[in-house]
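Everything on this sheet refers to the single structure shown next.
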Amino acid sequence: MEFDQSIHNSQIVAGMIYDTDPQINQMLFGDRITGISLITKLMEQSGTFYAAPYLRVIKNESGIVGIISFYSIKQKAKLHLATGKAYYRLFGGKLFLKKLPILLKLNHLFGGVFDKSGSYVVYLFVQESERRQGFASQAINELSKIIPKIYLHVASDNIAGIRFYENNGFINLGEHHIKIKKQDIKAYLMCRSN
């Protein structure tokens, strides 16, 4: 179901986005409380992967249990430009310029060679209490019904995440590496083809 800020709790969804990769989100947005506030503002910016139709919620009978955000590779340039403009509006000129080196490095980290017929998963997150119940697998399987090739990046130290993706038919296409503020950050580009 597409994220709809008029019926879904933006704070909960923003927290899930932040928790997808706290290390990177902390570098970009600051601490979790500040990050959630900033991400909530980004979720109000249409045309970014923080908003519908790219951002979707995963629900069960008790409410939102996870999120997935994805886009068609064909839309990548347009979507990244819109998201970059949203960052500029969010941070303002001075802070945006200060964050720009981080954004450029993250763009490199999450780069790769992609088949134009595929899609890219920006975020996939299920609350810890709801894991191992098939929600993430179901989201991936639903996406694969409409798009034959799915790409995503996963942190190289996220052993459980790597195992999950491998168990769901993803293969590792290689490691990307960057250094931000003396921190080594590594991620694997993974792909699933039907």
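The values are calculated or read from the model by the stated rules, or taken from the named source; none is laboratory data. For clarity, every value in this text was computed on a predicted model and none was experimentally measured. Don't worry about glycine lacking a Cβ; one is built from the backbone with ideal geometry, like all the others, and counts go over all protein chains shown.
The figures follow:
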read-out	value
Candidates K145, K149 - the one that is in contact with a Cys (Cβ under 9 Å, 6 or more places away or on another chain) and farther than 16 Å from L109 by Cβ	K149
Candidate set from the range 152-181 (those that are over 24 Å from K105 (Cβ atoms), loosely packed, with under 15 Cβ neighbours inside 10 Å and of a type in the set (A, V, I, L, M, F, W, C)); member that is modelled with the lowest pLDDT	A160
Matching residues, the range 58-85, being under 18 Å from E2 (Cβ atoms), surrounded by 13 or more Cβ atoms within 10 Å (Cβ to Cβ) and small (G, A, S)	G66, S69, S72, A82
Filter result (in contact with a helix residue (DSSP H, G or I) (Cβ under 7 Å, 6 or more places away or on another chain) and farther than 15 Å from M190 by Cα) within the range 95-126	F96, K99, I102, L103, L106, K116, F125, V126
Enumeration of residues in the range 1-19 that are part of a helix (DSSP H, G or I), within 17 Å of V122 (Cα to Cα) and touching a Ser or Thr at 6+ places or on another chain (Cβ under 9 Å)	V13, A14, I17
Condition check for F110: within 18 Å of L42 (Cβ to Cβ), free of Cβ contacts under 8 Å to residues at least 12 places away in the same chain and surrounded by fewer than 19 Cβ atoms within 10 Å (Cβ to Cβ)	no
Those residues of the range 86-102 which are buried (at least 16 other Cβ atoms within 10 Å of the Cβ) and either under 16 Å from the mean Cα position of the chain (by Cα) or in contact (Cβ under 8 Å) with a residue 24 or more places away in the chain (or both), in sequence order	A86, Y87, L90, K99
Single condition L103 does not satisfy, out of (1) at pLDDT below 95; (2) farther than 21 Å from G84 by Cα; (3) touching a Gly at 6+ places or on another chain (Cβ under 8 Å)	(2)
Answer residue from the range 182-194, given it is within 12 Å of K105 (Cβ to Cβ) and in contact with a strand residue (DSSP E or B) (Cβ under 6 Å, 6 or more places away or on another chain) and is surrounded by the fewest Cβ atoms within 10 Å (Cβ to Cβ) among those	I185
So S129, is it surrounded by fewer than 17 Cβ atoms within 10 Å (Cβ to Cβ), of a type in the set (S, T, N, Q) and more than 23 Å from Y188 (Cβ to Cβ)	yes
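Rundown of residues vs (1) more than 30 Å from E61 (Cβ to Cβ); (2) free of Cβ contacts under 8 Å to residues at least 12 places away in the same chain, yes/no style:
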site	(1), (2)
K116	yes, no
L124	no, no
E142	no, yes
I150	no, no
G174	yes, no
A187	yes, no
M190	yes, no
